[in-house]
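The values are calculated or read from the model by the stated rules, or taken from the named source; none is laboratory data. This is a predicted model, so every value here is computed, not measured. In this analysis, Cβ positions are derived from the backbone assuming ideal geometry, glycine residues included, and neighbour counts consider all displayed protein chains. Areas reflect the complete protein model, heavy atoms only, side chains present, ligands, DNA and RNA absent. Shrake-Rupley method; radii C 1.70, N 1.55, O 1.52, S 1.80 Å.
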Amino acid sequence: TIIEVVVGVAILGIIAAMVVGSVVVMQQRSDVDSSAQALIGALQLAQNKTLASESNSQYGVYLNTATSPHSYIMFKGASYSSRDVAYDQTSWLSKTEFSSINLGGGNEVGFNRITGSSQQSGSVVVRSTTDAAELKTVYLSTSGAAGLVAFPAPSDASRVKDSRHIHLNYSRTINT
């Protein structure tokens, strides 16, 4: 009968709406995940290029919130303002944005050539532009490590100390 067909179509419609809603949420989660992982990849690449002294220079990443959509730029130089513009590599965020940048007051991360340590540390929150509840936090430690998990502060308390070790201040001048 027609009532059975209408009820069947209504049930199928409800199931389809639930499936579509789940797919939308999974897509938003996937967009945020891929943007956060791409940012981590750019930070690691800049650190690796700096450690390798590629082109005898430092590298860094600048988080640009002045554009729409937001972007990040891997740059060559000691800072974003003194960079070599010819080496800029810009990546645009897709369906995501930087909602919070806590890198010691700035929007850029630079790395030291000898140690690979970061000149800034903190966190960057990447969130979906369509659902503010979907977000990921990218953490950056002073050692230059970037990831989705906060890095614990190093502690000297559990380190075994050798009591036989002493420090001497030795200074010698050689007259030539």
**Prompt:** Would a scan of region 125-139 turn up a residue that is touching a Gly at 6+ places or on another chain (Cβ under 8 Å) and hydroxyl-bearing (S, T, Y)?
**Reply:** yes
**Request:** Working carefully through the options I40, I14, I73, find the one that is surrounded by fewer than 13 Cβ atoms within 10 Å (Cβ to Cβ) and within 28 Å of A132 (Cβ to Cβ).
**Result:** I14
**Request:** For region 138-157, enumerate the residues that are touching a helix residue (DSSP H, G or I) at 6+ places or on another chain (Cβ under 7 Å), more than 14 Å from G60 (Cβ to Cβ) and in a strand (DSSP E or B).
**Result:** V138, G147
**Message:** Let me confirm something: among A42, A46, which residue is touching a residue at least 60 places away in the same chain (Cβ under 8 Å), among the small types (G, A, S) and in contact with a Phe, Trp or Tyr (Cβ under 8 Å, 6 or more places away or on another chain)?
**Reply:** A46
**Asked** Is it fair to say S34 is surrounded by 16 or more Cβ atoms within 10 Å (Cβ to Cβ) and more than 29 Å from T130 (Cα to Cα)?
**Response** no
**Asked** Of the residues that sit in region 128-143 and are within 11 Å of the chain's Cα centre (by Cα) and not charged (D, E, K, R), which one is surrounded by the most Cβ atoms within 10 Å (Cβ to Cβ)?
**Response** L140
**Asked** When you go through G116, G41, G60, G110 one by one, which is the residue that is assigned to a loop (DSSP other than H, G, I, E, B) and either closer than 14 Å to A146 by Cβ or at pLDDT 95 or above (or both)?
**Response** G116
**Message:** Please go through (1) assigned to a loop (DSSP other than H, G, I, E, B); (2) under 13 Å from the mean Cα position of the chain (by Cα) for V125 and return the number of the only condition it doesn't satisfy.
**Reply:** (1)
**Request:** Could you tell me whether any residue of region 20-38 is outside any helix (DSSP H, G or I) and small (G, A, S)?
**Result:** no
**Request:** Have a look at S53, S81 and point out the one that is touching a residue at least 60 places away in the same chain (Cβ under 8 Å) and open to solvent by 30 Å² or more (accessible area, probe 1.4 Å).
**Result:** S53
**Asked** Which condition does F111 not pass, out of (1) of a type outside the set (S, T, Y); (2) open to solvent by 30 Å² or more (accessible area, probe 1.4 Å); (3) in contact with a helix residue (DSSP H, G or I) (Cβ under 7 Å, 6 or more places away or on another chain), if it passes all the others?
**Response** (2)
**Prompt:** Which ones in region 128-137 are farther than 19 Å from P152 by Cβ and in a strand (DSSP E or B)?
**Reply:** S128, L135, K136
